[in-house]
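S.K.: Please read through the structure below; I'll follow up with questions.
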Amino acid sequence: MATAHLNDITLHYVEDGDPEGAPLVFINSLGTDVRVWDDVLPLLPKGLRIIRFDKRGHGQSDCPPAPYAMGTLVRDTEALLDHLEVKDAVLVGLSIGGMITQGLAVKRLDLVRAMVLSNTAAKIGQPSMWQNRITALQAGGMEALVDNILERWFTKAFRESDAAGLWRQRLLDTPLEGYIGCCHAIAGTDFYTPTSGLRLPTLGIAGSDDGSTPADLVRETTDLVPGSKFKLIRRAGHIPCVEQPETYAEALTHFLQEIGHV
């Protein structure tokens, strides 16, 4: 298990592929860990330096007390990439990971060559909605919302499959304090203005059945960046890298080839 001790946090990370290859960095969604990308990685081109990590409050990384700020999550990612001596990476951010990606691109363009904004937005929901979720979690734990969350994450067909139980358990295993901390971070984030000032290769990915960040919302954010591309993955919800890994990897590979990263 690889860990990086950064400022006030220790983050768990995983490296795959070629240590000398062009860097490809994955940033997970709320309530998931590095394993959310497991089915995509074997389908990607060889020769990449692939980096995954658990953000604070998730997986095997430290879980400080809530609340967290989006600026803190961006700073964690920045510190990790500096620690790993990464420059000019392609960042693939899923949901809150896509918000972190936008924030890092605005702050440190030397670290970010291109970005994939997957099932995310410049602003997700309203603060009152997130506060209601936080209150419910504090009262009843993850069990109070797990089925509601899975309904937004996955299509009905996937929720009825054997694989759904695994993701339900992984969500329940997410530290409650970490999940709530990141809810606070999302609630306080509106990147419409800073993201609209970005000028770098950008791909937006959305799921046709996404109940958390609908396709139109993802497209709206992607369109903030001139020259960006957009891919809709059908028969997928909020986590298309799990439901449709082949299509996801194909879209990602095409983008990497198009910008000359592979």
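The values are calculated or read from the model by the stated rules, or taken from the named source; none is laboratory data. Note that the structure is predicted; figures quoted are calculated from it, not measured. Note that each Cβ is placed from the backbone with ideal geometry, even for glycine, and that neighbours are counted across all protein chains shown. For accessibility, only protein heavy atoms count, side chains too; no ligands or nucleic acids. Shrake-Rupley method; radii C 1.70, N 1.55, O 1.52, S 1.80 Å.
S.K.: Working with all protein chains in place, sort GLU143, GLU243, GLU220 by solvent-accessible area computed with a 1.4 Å probe, largest first.
M.R.: Values: GLU143 125, GLU243 25, GLU220 90 Å².
The residues order as GLU143, GLU220, GLU243, largest area first.
S.K.: Let me ask something else about it. Only Cα pairs within less than 10 Å get springs; with that Gaussian network setup on the chain, which residue of PRO226, PRO201, PRO245 has the largest fluctuation?
M.R.: Answer for the Gaussian network model of the chain: PRO226.
S.K.: So, one more: Once ligands and nucleic acids are excluded and a 1.4 Å probe is used, how much of ARG199 is accessible, expressed in Å² to the nearest 10?
M.R.: My reading of the accessible area for ARG199 is about 150 Å².
S.K.: Let me ask you something else. Determine the calculated [θ] at 222 nm for the chain from helices alone, applying -39500 (n - 2.57) to every DSSP H run no shorter than 4 residues and normalising by the residue count; nearest 500 deg cm²/dmol.
M.R.: Details: 11 runs with 105 residues, N = 262.
Rounded to the nearest 500, it is -11500 deg cm²/dmol.
S.K.: What Rg and what Dmax come out for region 117-262 when only alpha-carbon atoms are used, in angstroms?
M.R.: 16.3, 49
S.K.: May I pose another question? Ranked from highest to lowest mean number of other Cβ atoms within 10 Å per residue, what is the order of the peptides 43-49, 90-96?
M.R.: Most protected by this proxy first, the peptides run 90-96, 43-49.
S.K.: Here's something else I'd like to know. Let me check I've understood the local charge: for ILE9, count other residues with C-beta under 13 angstrom from its C-beta, Lys and Arg +1, Asp and Glu -1. What total comes out?
M.R.: -2
S.K.: Shifting gears a bit: What does a probe at GLU143 reach in region 157-177, counting residues whose amide N is under 20 Å from the point 7 Å along Cα→Cβ?
M.R.: 165-177
S.K.: For the full complex of protein chains and a 1.4 angstrom probe, list VAL106, VAL36 by accessible area with the highest value first.
M.R.: Numbers: VAL106 70, VAL36 0 Å².
Ranking VAL106, VAL36 by accessible area, largest first, yields VAL106, VAL36.
S.K.: With +1 assigned to the C-beta of every Lys and Arg and -1 to the C-beta of every Asp and Glu, and no other charges, what is the dipole magnitude of the chain about the Cα centre in debye, to the nearest 20?
M.R.: Values: 24 positive and 33 negative charges, 110 e Å.
With Lys and Arg at +1 and Asp and Glu at -1, about 520 debye.
S.K.: Here's something else I'd like to know. Taking a ≥ b ≥ c as the square roots of the eigenvalues of the Cα gyration tensor of the chain, is the shape rounded (a/c under 1.5), prolate (a/b larger than b/c) or oblate? Don't jump to the answer; show the numbers that get you there.
M.R.: Numbers: a/c = 1.31, a/b = 1.19, b/c = 1.10.
Taking the square roots of the gyration eigenvalues as a ≥ b ≥ c, the chain is rounded.
S.K.: So how much accessible area does HIS12 have, in Å² to the nearest 10, using a 1.4 Å probe?
M.R.: Solvent-accessible area, nearest 10 Å²: 10 Å².
S.K.: Give the calculated FRET efficiency between LYS87 and ARG35 to the nearest 0.05, with a Förster radius of 22 Å applied to their Cβ-Cβ distance.
M.R.: 0.25
S.K.: How much net charge surrounds PRO245 when only other residues with a Cβ under 9 Å from its Cβ are counted (Lys, Arg +1; Asp, Glu -1)?
M.R.: -4
S.K.: Same structure, new question: Considering the Cα positions of region 80-169, please state its Rg to one decimal place and its Dmax as a whole number of Å.
M.R.: 16.8, 44
S.K.: Then there is this: Could you tally the net charge around ARG35, taking each other residue with its Cβ under 12 Å from the Cβ of ARG35, Lys/Arg +1 and Asp/Glu -1? Mind showing how you got there, number by number?
M.R.: Numbers: positive: ARG52, ARG170; negative: ASP33, ASP38, ASP39, ASP54, ASP173.
Within the 12 Å Cβ shell, the charges total -3.
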